[in-house]
Amino acid sequence: MAEIILTATPRPPQGTRPVRRLRNEGKIPGVVYGMGADPIPLSVEWRELRAALVTEQGLNAVIHLEVDGDRMPTLVKEMQRHPVRRNVLHVDFIRVDLNKPVDVDVPIHLEGEAEAVQREGGVIDQILTSLAIHAKPSDIPAGLTVDISDLEIGNSKHVSDIVLPDGVTTSVEPDETVVTASFQVVEIPEPTEGEEVEGEEGAEGEAAEGEAAESDGEGGGDAEGGGNAGESSGDDS
């Protein structure tokens with residue numbers, strides 16, 4: 001695999017206005033630190049940074065950062081993004097030793113179709129979206145996968161179901177839940193206050209009509225009068 005080389009330009013600590021000017025020029029302010037060396041404020045071209053992070057290794061790619069002719073292997077430790085526009089505002093690089101393991105988070109992807117869950121109208125809920133691993137920089141995978149093809153409602157997949165590549169370990173408990181399958185919960189809306197009152201009035205009306213019918217059954221003349229009264233009420237409404 002070819003080395004990923006990214007040229008960075010040192011910069012003095014700057015305030016808001018110079019940093020904004022950098023971004024307008026298509027550059028991203030950042031810093032590199034770690035391994036006992038002094039932090040170096042720097043800037044990188046956004047297009048080159050993006051190209052470095054869309055390789056097979058993704059965000060955990062080893063980037064050989066070149067600063068003033070010196071080249072050092074690094075990993076992207078953190079990228080700060082705008083909360084709305086989501087464009088990158090700042091990037092932190094951390095120096096690494098290619099021969100020593102590091103701790104990083106790797107995304108977990110679901111693969112396969114849970115047909116049994118789909119047939120029963122169930123839902124799949126991914127509880128764990130990334131896994132903390134321990135590996136040498138060159139052994140860090142771009143992502144990990146969990147096969148959910150045999151998942152059924154009421155069952156789960158756990159960390160123990162993730163196949164880790166050679167040289168990769170994790171301290172996360174094997175029984176930690178990654179994904180679950182369950183029946184879809186359908187919420188029945190509660191009736192509003194007006195609907196409850198209407199229902200009660202309807203029940204009372206039915207009871208009143210029942211009593212009137214019983215009374216009409218006892219006397220023929222009253223029954224005829226009751227019928228005329230009901231028609232008159234209907235016309236008024």
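The values are calculated or read from the model by the stated rules, or taken from the named source; none is laboratory data. Just so it is clear, the model here is predicted, and its values are computed rather than measured. Positions of Cβ are backbone-derived with ideal geometry, glycine not excepted, and every protein chain shown enters the neighbour counts. Only protein heavy atoms, including side chains, enter the accessible area calculation; ligands, DNA and RNA are left aside. Shrake-Rupley method; radii C 1.70, N 1.55, O 1.52, S 1.80 Å.
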Practice item. With respect to S138, determine if the residue is over 30 Å from G34 (Cβ atoms) and not in a strand (DSSP E or B). Key: no
Check your understanding: If a residue has to be of a type in the set (A, V, I, L, M, F, W, C), more than 22 Å from the chain's Cα centre (by Cα) and open to solvent by less than 40 Å² (accessible area, probe 1.4 Å) to count, how many in the range 134-185 make the cut?
Key -> 3
Check your understanding: Within the range 121-133, restricting attention to residues that are more than 18 Å from the chain's Cα centre (by Cα) and crowded, with 16+ Cβ neighbours inside 10 Å, which residue is farthest from K77 (Cα to Cα)?
Key -> G122
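Go through the range 61-79 residue by residue and tally those that are within 23 Å of the chain's Cα centre (by Cα) and either basic (K, R) or over 22 Å from A142 (Cβ atoms) (or both). Can you show your working first?
So the first thing to find is which residues in the range 61-79 are within 23 Å of the chain's Cα centre (by Cα), and the list is 61, 76-79.
Adding the requirement that they be either basic (K, R) or over 22 Å from A142 (Cβ atoms) (or both) leaves 77.
Residues that pass the stated criteria total 1.
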**Study point:** Odd one out for R86 among (1) at negative phi; (2) without any contact (Cβ under 8 Å) to a residue 12 or more places away in the chain
**Key:** (1)
**Study point:** Options V44, V96: the member that is in contact with a Pro (Cβ under 6 Å, 6 or more places away or on another chain), in contact (Cβ under 8 Å) with a residue 24 or more places away in the chain and surrounded by 15 or more Cβ atoms within 10 Å (Cβ to Cβ)
**Key:** V96
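Only one residue in M35, M79 is open to solvent by less than 50 Å² (accessible area, probe 1.4 Å) and within 21 Å of V104 (Cβ to Cβ), so which one is that? Outline the logic, then answer.
Numbers: M35 fails: open to solvent by less than 50 Å² (accessible area, probe 1.4 Å).
Residue meeting the stated conditions: M79.
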Point to revise | Condition check for I108: open to solvent by 70 Å² or more (accessible area, probe 1.4 Å) and either among the β-branched types (V, I, T) or closer than 20 Å to E176 by Cα (or both) | key: no
Practice item. Considering each residue of the range 15-32, count those that are touching a Pro at 6+ places or on another chain (Cβ under 7 Å) and either at positive phi or open to solvent by 40 Å² or more (accessible area, probe 1.4 Å) (or both), and give that number. Key: 0
